[in-house]
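For reference, the structure discussed in these notes is given below.
The values are calculated or read from the model by the stated rules, or taken from the named source; none is laboratory data. As the structure is a computational prediction, the values presented were derived from the model and not from experiment. Cβ placement follows ideal geometry from the backbone for every residue including glycine, while neighbour counts extend to all protein chains displayed.
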Amino acid sequence: MFESLKENMYGAIHTLKGYGKITDANVALTVKEIQRTLMHSDVNYKIVKNFTLRVKDEAMGQKVSSSLKPGELFTKIVYDNLVKLMSCGDNKLNFISPTTLMMVVGLQGAGKTTFAVKLAKRIANRDKKKPLLVACDIYRPAAIEQLRVLCQQAQVDMFYIENEKNVNKIIEGALLKSEKDGNNVVIVDTAGRQSVDDEMMYEIKSIRERFRITESLLVLDSMIGQKSVDIAKKFNDTVELTGVILTKLDGDSKGGVALSVTATIGKPIKFIGTGEKLDDIDVFHPDRIANRILGKGDIISLVEQVQKTQEMDKEGFFNEKRLINGVTYADFMKLSKIISNTGLRKIFEMLPGVDKMNEKMSEDNEKNIKMFTTIINSMTHKERVNKCRLDLSRKIRIAKGSGRTVDDVNRLIKSIENMNRYLKSVKGKSAKEAFKLSPFLKKFDSSDIF
């Protein structure tokens, strides 16, 4: 996320390193680099100009205290202004009684339908409400079927009327059903188009005027650059948006839309899509995003990601029993599942200063986790719980059964041994001390642990 922007922003601010104080000359040089970086990341020119003027005015002539270096002081100034740029009031969802009606709008291909289901699942799990998804994309082939399949996966309710072409009648039917079945949040998945057109705008405007819409949420594809800002303007002029959702930030997005859209239309970014899974949706926090852009990591989001997976392991993975007896292959499978759900790339991305260093390593580790899982699946129950030694004949059998080599099996054995050595080394130590001993904070060969 924001890889190009992050790297270039670091390079720009790094030019101040070593100076005794911030001067007009070195500020001008740094600001020029920041301008180039933001323009390259598809941030609107007017926004770039206003942003860098504010940064320049605040930084010009400031003296560096004994506890701060010029780069640190300038980073703080840039951070504060990034947060201001991306902030716009409260970005929480608004709920009303007895039924909250939400409308999700956007172009085809932005991930509108998938987001609608992600949102419903989140509302059900986090807000403890009972959502109902309404299929109003009556033009796109298989749109209703796509929504039905996703709703089944997310275990949320769905409503549609076969062959009905009047979206207002569909919504009226959904509201009657919600009243009958106790659904207190109704989410309308509206039709999308390849581009903004009058017919599309008329339809969503008629929905907005006829029903009491609490949330009008625009789903924007962050990979289309500055076009997304023009799209946001048109939708906001038509239906008065309450918030924006950015999708595909985990792809090759330059990230400029995150810095442009709020400043342009005056509406908050409420959520970001961070992957293809139905749980890959995060609240947009301007301060956390600013930290990521400046390479400072996002420890709070990392903790939240880990907490999401903790329910998979009620007893806690690093419990006293494992610290004493060590990790078995079955335990390793459980840990691999937790890490796979969190995502190694996401973990490294949220750790300050280690994301770039470990990008290649995280890719290797993800491949190794899949390979080791296949090998462990080829073991017997006794072998998985370490009740019998893996001699050469067992290794050969496991390798054949998993389609791997004996060397791959040996790599798994080495990984288990290394993990158990680490667990013994942290026994009795505080969490902070254990974290310092973690091989994830060192440049190490990916086979050391995974």
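Details
- Close pairs from segment 33-60: first under 21 Å from residue 249 (Cα atoms), partner assigned to a loop (DSSP other than H, G, I, E, B) and modelled with pLDDT under 90, Cβ under 6 Å, at least 6 apart: 41/254; 41/255; 42/225; 42/226; 42/254
- Test: residue in segment 391-403 that is among the charged types (D, E, K, R), touching a helix residue (DSSP H, G or I) at 6+ places or on another chain (Cβ under 9 Å) and modelled with pLDDT of 90 or more: yes
- Looking across segment 192-212 at every residue that is under 14 Å from residue 231 (Cα atoms) and of a type in the set (Asp, Glu), the one that is surrounded by the most Cβ atoms within 10 Å (Cβ to Cβ) is identified as 197.
- Subset of segment 279-292 (residues that are in a helix (DSSP H, G or I) and either assigned by TED's automatic domain parsing to the domain that holds residue 77 or among the acidic types (Asp, Glu) (or both)): 287
- Among the residues making up segment 366-393, those that are over 12 Å from residue 410 (Cβ atoms), out of contact with any Gly (no Cβ under 9 Å at 6 or more places or on another chain) and assigned to a helix (DSSP H, G or I) are 367, 368, 369, 370, 371, 373, 376, 381, 382, 383, 384, 393.
- Residue 277 falls short on exactly one of the conditions (1) surrounded by 14 or more Cβ atoms within 10 Å (Cβ to Cβ); (2) more than 25 Å from residue 51 (Cβ to Cβ); (3) modelled with pLDDT of 85 or more, and that condition is (1).
- For the residues 116, 110, 135, the requirement of being of a type outside the set (Ser, Thr, Tyr) and either in a strand (DSSP E or B) or not assigned by TED's automatic domain parsing to the domain that holds residue 210 (or both) singles out 135.
- Some residue of segment 97-106 being in the same structural domain as residue 187 (by TED's automatic domain parsing), more than 24 Å from residue 256 (Cβ to Cβ), in contact with a Leu (Cβ under 6 Å, 6 or more places away or on another chain) and modelled with pLDDT of 85 or more: no
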